[in-house]
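Chemist: My questions will all concern the structure given below.
The values are calculated or read from the model by the stated rules, or taken from the named source; none is laboratory data. Everything numeric in this text was worked out from a predicted model, so none of it was measured. Cβ sites come from the backbone with ideal geometry, for glycine too, and all protein chains shown count toward neighbours.
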Amino acid sequence: MNVNDLIAIDVHTHAEVSSRQPADVLWQPFEEAANVYFKAGKRPTIEDTIAYYRERRIGLVMFTVDSEFQIGARRISNEEVAEAAANNRDIMIAFASIDPHKGRMGVREARELIKSGLVKGFKFHPTVQGFFPDDRIAYPLYEVIAEHKLAAIFHSGHSGIGTGMPGGGGLRLKYSNPIHLDDVAVDFPDMTIIIAHPSWPWQDEALSVCLHKPNVYIDLSGWSPKYFPAQLVQYANGQLRNKVLFGSDYPLITPDRWMRDFKDAGFKPEVHDLILKQNAIRALKLAQPA
């Protein structure tokens with residue numbers, strides 16, 4: 001990634017539409033419910049997403065979400081995302097998503113993806129994948145990530161996926177309380193942990209874990225900044241000024257909207273560049289920050 005050419009780095013974007021496989025009918029009810037919740041429209045292809053970011057000179061971290069165990073919907077392949085990143089190295093980084101329930105086969109896939117050199121981190125969604133982050137079922141995957149000193153993004157807090165569906169689509173919110181990442185941060189200090197989203201209704205837990213553990217960061221994706229909890233803005237302006245990252249959750253939240261609302265959300269001018277770019281450079285080990 002050519003960080004000097006970028007105005008910002010978005011650490012949280014989704015691969016939504018594959019160019020290699022048809023949409024999975026089992027995922028459609030979840031997508032339709034999410035469209036209502038987020039007031040989202042037609043989802044872009046991977047290529048459309050890259051073009052959108054390139055036009056704006058914003059770097060992006062992109063990933064799919066492996067929900068094959070819990071939901072049964074076929075994921076977009078990690079290889080497709082990785083190859084898109086390989087063809088757009090100047091602005092894009094690929095993270096992989098592997099459900100911890102895949103056991104040794106999941107560990108094998110992780111090692112192969114890392115060996116390819118095209119995957120620079122991993123994405124977990126405890127609610128959609130149906131596991132507590134500190135469950136030992138996930139530790140073999142964490143061991144591979146920590147061995148290579150890579151980053152892992154964990155969804156936290158409420159989930160727009162499943163909201164409004166009968167029984168929440170069978171998804172359980174309890175898995176995404178960020179306090180469950182505290183043990184993970186202790187046991188894997190060489191793995192950079194990024195807590196995704198304002199962690200409502202557990203915002204204070206996320207702030208505490210991030211403050212206490214040097215390898216933990218928070219990304220600000222999934223919400224417009226004008227709705228951020230006051231304590232999140234307070235800590236981003238103070239003790240966590242070097243540990244908070246710009247993330248949009250594109251395409252559900254666009255960088256255009258996020259950055260527009262960010263300017264008036266109470267963040268001090270001196271932390272703007274840290275949040276938008278410099279903290280991501282540090283967390284993802286892209287280069288020495290300016």
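Chemist: Just to be sure, is Val186 at pLDDT 95 or above, assigned to a helix (DSSP H, G or I) and surrounded by 19 or more Cβ atoms within 10 Å (Cβ to Cβ)?
Modeler: Considered against the rule, which asks whether it is at pLDDT 95 or above, assigned to a helix (DSSP H, G or I) and surrounded by 19 or more Cβ atoms within 10 Å (Cβ to Cβ), Val186 comes out as no.
Chemist: Would you mention how many residues in segment 216-250 are over 25 Å from Ala146 (Cα atoms), in contact with a helix residue (DSSP H, G or I) (Cβ under 7 Å, 6 or more places away or on another chain) and either small (Gly, Ala, Ser) or surrounded by fewer than 21 Cβ atoms within 10 Å (Cβ to Cβ) (or both)?
Modeler: Number of matching residues: 8.
Chemist: Moving to a separate point now. Kindly indicate whether any position in segment 35-47 is within 21 Å of Ile253 (Cα to Cα), crowded, with 19+ Cβ neighbours inside 10 Å and either of a type outside the set (A, V, I, L, M, F, W, C) or free of Cβ contacts under 8 Å to residues at least 60 places away in the same chain (or both).
Modeler: yes
Chemist: Do you know which residues across segment 206-220 are of a type outside the set (D, E, K, R), over 19 Å from His272 (Cβ atoms) and in a loop (DSSP other than H, G, I, E, B)?
Modeler: The answer is Pro214, Asn215.
Chemist: I'd like to check something: does segment 112-129 contain any residue that is closer than 19 Å to Leu181 by Cβ, crowded, with 20+ Cβ neighbours inside 10 Å, among the basic types (Lys, Arg) and touching a residue at least 24 places away in the same chain (Cβ under 8 Å)?
Modeler: Yes, there is a match, as at least one residue in segment 112-129 is closer than 19 Å to Leu181 by Cβ, crowded, with 20+ Cβ neighbours inside 10 Å, among the basic types (Lys, Arg) and touching a residue at least 24 places away in the same chain (Cβ under 8 Å).
Chemist: Can you tell me which of Pro29, Pro22 is in contact with a helix residue (DSSP H, G or I) (Cβ under 9 Å, 6 or more places away or on another chain) and surrounded by fewer than 16 Cβ atoms within 10 Å (Cβ to Cβ)?
Modeler: Pro29
Chemist: Continuing with the same structure: Among the numbered conditions (1) in contact with a Pro (Cβ under 8 Å, 6 or more places away or on another chain); (2) under 17 Å from Ile195 (Cα atoms), tell me where Ile137 comes up short.
Modeler: Only one criterion in (1) in contact with a Pro (Cβ under 8 Å, 6 or more places away or on another chain); (2) under 17 Å from Ile195 (Cα atoms) is unmet by Ile137, namely (2).
Residues are listed down the side, and each one gets a yes or a no for (1) among the hydrophobic types (A, V, I, L, M, F, W, C); (2) under 26 Å from Glu16 (Cβ atoms):
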{"position": "Ser248", "(1), (2)": "no, yes"}
{"position": "Leu252", "(1), (2)": "yes, yes"}
{"position": "Asp256", "(1), (2)": "no, yes"}
{"position": "Asp261", "(1), (2)": "no, yes"}
{"position": "Asp264", "(1), (2)": "no, no"}
{"position": "His272", "(1), (2)": "no, no"}
{"position": "Ile275", "(1), (2)": "yes, yes"}
{"position": "Ala283", "(1), (2)": "yes, yes"}
{"position": "Leu286", "(1), (2)": "yes, yes"}
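Chemist: If we scan segment 52-59, do we find a residue that is within 17 Å of Ala86 (Cα to Cα), among the aliphatic types (A, V, I, L, M) and crowded, with 16+ Cβ neighbours inside 10 Å?
Modeler: Among the residues of segment 52-59, at least one is within 17 Å of Ala86 (Cα to Cα), among the aliphatic types (A, V, I, L, M) and crowded, with 16+ Cβ neighbours inside 10 Å, which makes the answer yes.
Chemist: From the residues in segment 221-252 that are part of a loop (DSSP other than H, G, I, E, B) and touching a Phe, Trp or Tyr at 6+ places or on another chain (Cβ under 7 Å), which one is nearest to Phe38 (Cα to Cα)? Give the steps one after another, and end with the answer.
Modeler: To start, the set of residues in segment 221-252 that are part of a loop (DSSP other than H, G, I, E, B) comprises 221-224, 228-229, 238-243, 246-249, 251-252.
Now restrict to residues that are touching a Phe, Trp or Tyr at 6+ places or on another chain (Cβ under 7 Å): 224, 229, 243, 248, 252.
On the way: Ser224: 11, Pro229: 18, Lys243: 26, Ser248: 13, Leu252: 6 Å.
Only one residue fits best here, namely Leu252.
Chemist: Out of everything in segment 70-120 that is touching a helix residue (DSSP H, G or I) at 6+ places or on another chain (Cβ under 6 Å) and modelled with pLDDT under 95, what residue ends up being farthest from Pro44 (Cα to Cα)?
Modeler: Only one residue tops the list, namely Gln70.
Chemist: Out of segment 83-101, which residues are surrounded by fewer than 19 Cβ atoms within 10 Å (Cβ to Cβ) and either out of contact with any Leu (no Cβ under 8 Å at 6 or more places or on another chain) or small (Gly, Ala, Ser) (or both)?
Modeler: Ala86, Asn87, Arg89, Asp90, His101
Chemist: Then there's this: Where residues in segment 24-65 are over 21 Å from His155 (Cα atoms) and among the acidic types (Asp, Glu), which of them is modelled with the lowest pLDDT?
Modeler: Checked segment 24-65; the qualifying residue modelled with the lowest pLDDT is Asp24.
Chemist: Residues that are touching a His at 6+ places or on another chain (Cβ under 8 Å): which strands (runs of 3 or more DSSP E) entirely in segment 16-127 hold 3 or more of them?
Modeler: The qualifying strands (runs of 3 or more DSSP E) are 58-63.
Chemist: Now for a separate question. Exactly one condition in (1) in contact (Cβ under 8 Å) with a residue 24 or more places away in the chain; (2) closer than 29 Å to Gly162 by Cβ; (3) of a type in the set (Lys, Arg) is not met by Arg75; state its number.
Modeler: It fails just one condition, (1).
Chemist: With respect to Gln203, is the statement that it is out of contact with any Cys (no Cβ under 9 Å at 6 or more places or on another chain), surrounded by 20 or more Cβ atoms within 10 Å (Cβ to Cβ) and more than 16 Å from Asn279 (Cα to Cα) true? Walk me through it before giving the result.
Modeler: Working: out of contact with any Cys (no Cβ under 9 Å at 6 or more places or on another chain): yes; surrounded by 20 or more Cβ atoms within 10 Å (Cβ to Cβ): yes; more than 16 Å from Asn279 (Cα to Cα): yes.
It is true that Gln203 is out of contact with any Cys (no Cβ under 9 Å at 6 or more places or on another chain), surrounded by 20 or more Cβ atoms within 10 Å (Cβ to Cβ) and more than 16 Å from Asn279 (Cα to Cα).
Chemist: Tell me the residue from Arg43, Arg57 that is closer than 30 Å to Arg260 by Cα and in contact with a Pro (Cβ under 7 Å, 6 or more places away or on another chain), please.
Modeler: Arg43
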